[in-house]
Amino acid sequence: MKQLSYILIICLLWACGETSTQSNNTSDTSATTTVNKNDNDTPPAKAENNLLDHEKFLLKYPKNWKKSNKTNKAGELANLVIEATSAQDRFRETLGIFIRRADTQPFTLKSFANIIKEQLKKEQPTAKIVEEEMKPTYFEVEYVGDYKDQQMKWRQRAWVNGKEAFVAIYTAGHDDFKAHEPEVNLMMNSFKIK
């Protein structure tokens, strides 16, 4: 089930192909709900953090998350998985870091945000965006949807650096999403492009 979740998410991000990297100059008049997240949210003080030092980025992650060796999905640079908390866990929450490269002109946050939202509409038409936020350094969107027999929730945060865009995708069962939010905020807030 976890692998199918990743495949669905990858399809959402990369289905448009490289031809979608051109800037969209049309004005967006749709309503936007902002996310009121504290950029300083951290897990409890007792938690110690590991450092994921990739050739493209740095990211801190709590000790109860483990780096997975399975990063064979298109564009996936790293994958972190939370330790199972009980035998009844149907889904282990994950944080994947992906890269997308433009063939033509560099990305802007606005153009890449439009790519993400268009891919969601196209590839997962039943998904509902519940929150989105544009900050000076990143774009973030949360959405919900059904996957197989389970309600899921995702958060994507995207950063751009010229012709490269980086996306962190948090995937969780709908009911478990909030339980790990402080840790996910820590990880996403610590992300630095090299």
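The numbers here are math on the coordinates, done by the rules we state, and not lab data. Since this is a predicted model, take the numbers as computed values, not measurements. Positions of Cβ are backbone-derived with ideal geometry, glycine not excepted, and every protein chain shown enters the neighbour counts.
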remark   = The relative contact order of segment 99-194, taking Cα pairs under 8 Å that sit 6 or more residues apart, comes to a percentage of 26
remark   = The FRET efficiency for residue 64 and residue 194, from their Cβ-Cβ distance with R0 = 22 Å and rounded to 0.05, is 0.30
ask   = To the nearest µm²/s, what D does Stokes-Einstein give for segment 53-194 at 10 °C and 1.306 mPa s, using the Kirkwood radius over alpha carbon pairs as Rh?
value = 101
ask   = In terms of modelled amide H atoms, which long-range or inter-chain residues lie less than 5 Å from the amide H of residue 93?
value = 82
